[in-house]
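The next block holds one structure in the form of structure tokens; read it before the comments.
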Amino acid sequence: MSELSLRRRSGLPTSAADELRGEHRRTRWLRVVLAAAALGLLLGAFGLARDLHALPTSYFASGSGGIVVLDLSTSVDAQKSQRVMRVLQSLSETEGRIGLVVFSDSAYEMLPPDTRSEELRPLLRFFDQGPVGFGRPRGFGGRGGGAAPNPARPREESPWSLSFRGGTRISTGLAAAREVIAREGDRSLSVLLLSDLDDSGFDTAPLTEELTTYERDGIRLRVIPLFPAPEDRKLFTGIAGKSVFVDRPELLRNTTVREHLTLVGSSPWALVCVGAMLLGLLALNERWGARLTWGRAS
């Protein structure tokens, strides 16, 4: 007999084949059933894993990315910076794609819209030390002031400290975001504006024109107000309407979602149970579907 034929033989010859035929049939069908059940559980686990979302927010339209337009003008004080930090922190946990445009009286693109949202995390430290400015005891200045920095905590120079020292021109930030959307050719991108709305009086006409362009181009705009003065909010509402604002309940849901899920329990228990059942089936397969073993009769 050739060596190849010996390799193809799967067992030892026996005269008890008829007696073992029933066991062979039972084992074969048991393996088929266990394999089908394991495949079903594996597909179920795959479906559950795809449905897992890391701390989603409602700021951007479902299934789309977004561009954050962030006000870094001199009127953004310590309290406003804390709100910015909470919003950016919640966005950084979404495992999505996000862009970032920053502005005061001018604007520039800090992060392109295909950036992973976790790239926002290094920026959080600049908003967690009071005003985002440059170590001045009254914050950025302007209305709102701000708490004095802690002398025991050294302030860290921000990446935009040499760029933004002036007033606020919201139209420049919105225009920069719109140009990014046009460049990317993706109209599904939404824009999230974070600003105290303390806009320059010279910017009213350009801002009105920019918001009209947003409506014409079908660009979705949301606004998170950073504790604006009543007259500033009223002026912006008159231009953009009330519907663009993120209300307080939605803001709280998004910015506290991490703490909420930590307390309630964010573990994917359905996926854990399916995984445990899959391991159990594999153990049963090893127990009931193993090959026959030979030994001495007792």
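The values are calculated or read from the model by the stated rules, or taken from the named source; none is laboratory data. No experiment lies behind these values; they were computed from the predicted model shown. Virtual Cβ from ideal backbone geometry, glycine too; neighbours counted across all protein chains shown.
I'd like the residue in region 167-211 that is among the hydroxyl-bearing types (Ser, Thr, Tyr) and under 22 Å from the mean Cα position of the chain (by Cα) and, out of all such residues, is surrounded by the most Cβ atoms within 10 Å (Cβ to Cβ).
Let us first name the residues in region 167-211 that are among the hydroxyl-bearing types (Ser, Thr, Tyr), namely 168, 171-172, 188, 190, 195, 200, 204, 208.
From what is left, the residues that are under 22 Å from the mean Cα position of the chain (by Cα) are 188, 190, 195.
Numbers: SER188: 15, SER190: 19, SER195: 27.
Across region 167-211, the extreme among qualifying residues is SER195.
Under 7 Å between Cβ atoms, which residue pairs at least 6 apart in sequence (or on different chains) link something in region 41-70 that is within 10 Å of VAL191 (Cα to Cα) and in a strand (DSSP E or B) with a partner that is of a type in the set (S, T, N, Q) and modelled with pLDDT of 60 or more?
Listed by first residue and then by second, the contacts come to GLY66/SER190.
If a residue has to be touching a Leu at 6+ places or on another chain (Cβ under 9 Å) and assigned to a helix (DSSP H, G or I) to count, how many in region 180-234 make the cut?
11
So if I check each of THR94, THR115, THR168, which one is modelled with pLDDT of 70 or more, farther than 15 Å from LEU193 by Cα, assigned to a loop (DSSP other than H, G, I, E, B) and β-branched (Val, Ile, Thr)?
Values: THR115 fails: assigned to a loop (DSSP other than H, G, I, E, B); THR168 fails: farther than 15 Å from LEU193 by Cα.
Matching residue, one of THR94, THR115, THR168: THR94.
Counting only residues that are surrounded by fewer than 12 Cβ atoms within 10 Å (Cβ to Cβ) and aliphatic (A, V, I, L, M), which one in region 231-278 is modelled with the highest pLDDT?
ALA276
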